[in-house]
Amino acid sequence: MSALVLKKGASRRSAYDLKNPLSDTIETHTLAVLVDNEAGVLARVIGLFSGRGYNIESLTVAEVDHLGHLSRITIVTTGTPQVIEQIKAQLARIVPVHDVHDLTVEGASVERELAMLKVAGTGEKRVEAMRLAGIFRAAVVDTTLESFVFEITGTPEKIDAFVDLMRPLGLSEIARTGVAAMSRGT
C-alpha cells in the first residue's frame with residue numbers, strides 16, 4: 001500500500017467538497033404547477049415558500065379544467081439552482097399537486113402579464129403619455145379630463161419599461177396581474 005503524502009499547507013478535502021462557482025448564482029425561474037381546485041391548496045403551496053423563506057416574485061392562479069376541477073398556479077421565484085430544485089421537489093410532494101414544470105429549463109416558453117396604469121396629467125404630459133402608449137401598444141380603457149387608465153400586456157420587462165416612462169408623466173397607480181406562462185410547441 002502506498003501512503004499519500006501531503007505537502008505542508010495542502011488540504012485534505014475531497015473533490016466532492018469543491019464548490020461549483022455557478023451554484024451560488026441567484027436565478028429566476030417560472031414554475032407551472034397543476035393542482036386540484038379545492039380549498040386550502042393555494043395556502044399549502046404558499047406555506048411551503050413562506051415556511052422555508054423562499055421568495056415569490058409573481059403568483060397567478062386560475063381554474064383551467066372545470067370538469068376535472070384543476071387549477072394552474074404559475075409562480076415566478078428566485079434562488080440558487082439547489083434552492084430551485086428543492087422547491088420543485090417539495091412542491092411535487094404536496095398531495096393535491098399533480099404536476100410541476102420548470103418552464104425556465106424545460107425549453108422555450110412564452111410569458112405575458114397584464115397591467116393597468118393610471119396616469120394623471122394635463123397639457124404636454126397628457127399628449128406624451130398618449131404617444132408612448134401608442135408605441136407600447138397600450139390601450140386606453142378609461143379617461144377623464146385629468147387622467148387616463150392604460151391597459152398593457154407583454155413581458156414583465158416591457159411593462160417595467162412602460163412604467164418607468166410613465167412615472168415622470170404623472171403615474172399615480174399600478175395594478176399588475178403577475179406572469180402567465182406556457183411552454184412553446186407541442
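Within the range 72-85, the set of residues being touching a residue at least 24 places away in the same chain (Cβ under 8 Å) and not β-branched (Val, Ile, Thr) comprises 72, 79, 81, 82.
In the range 172-186, what residues are in contact (Cβ under 8 Å) with a residue 60 or more places away in the chain and polar (S, T, N, Q)? Answer for the range 172-186, where residues must be in contact (Cβ under 8 Å) with a residue 60 or more places away in the chain and polar (S, T, N, Q): 177, 183.
Scanning the range 93-147 for residues that are closer than 24 Å to residue 63 by Cβ, of a type in the set (A, V, I, L, M, F, W, C) and exposed (fewer than 11 other Cβ atoms within 10 Å of the Cβ) turns up just one, 95.
Scanning the range 104-120 for residues that are out of contact with any Asp or Glu (no Cβ under 8 Å at 6 or more places or on another chain) and at negative phi yields 105, 106, 108, 109, 110, 111, 112, 113, 119. Restricting attention to the range 154-171 and to residues that are within 15 Å of the chain's Cα centre (by Cα) and in contact (Cβ under 8 Å) with a residue 12 or more places away in the chain, the residue that is surrounded by the most Cβ atoms within 10 Å (Cβ to Cβ) turns out to be 159. Within the range 87-125, the residues that satisfy the criterion of being without any contact (Cβ under 8 Å) to a residue 12 or more places away in the chain and either in the same structural domain as residue 71 (by TED's automatic domain parsing) or assigned to a helix (DSSP H, G or I) (or both) are 89, 92, 93, 95, 124.
Has the range 126-141 got at least one residue that is under 22 Å from residue 37 (Cα atoms) and in a strand (DSSP E or B)? Checked against the condition, which is being under 22 Å from residue 37 (Cα atoms) and in a strand (DSSP E or B), the range 126-141 yields no hits at all. Quick check: anything in the range 56-79 in a helix (DSSP H, G or I), crowded, with 16+ Cβ neighbours inside 10 Å and in contact with a strand residue (DSSP E or B) (Cβ under 6 Å, 6 or more places away or on another chain)? Taking every residue of the range 56-79 in turn, none turns out to be in a helix (DSSP H, G or I), crowded, with 16+ Cβ neighbours inside 10 Å and in contact with a strand residue (DSSP E or B) (Cβ under 6 Å, 6 or more places away or on another chain). The condition of being modelled with pLDDT of 95 or more, in contact with a Phe, Trp or Tyr (Cβ under 7 Å, 6 or more places away or on another chain), more than 30 Å from residue 29 (Cβ to Cβ) and aliphatic (A, V, I, L, M) holds for residue 133.
The values are calculated or read from the model by the stated rules, or taken from the named source; none is laboratory data. As the structure is a computational prediction, the values presented were derived from the model and not from experiment. Note: ideal-geometry Cβ built from the backbone for every residue, glycine included; neighbour counts use all protein chains shown.
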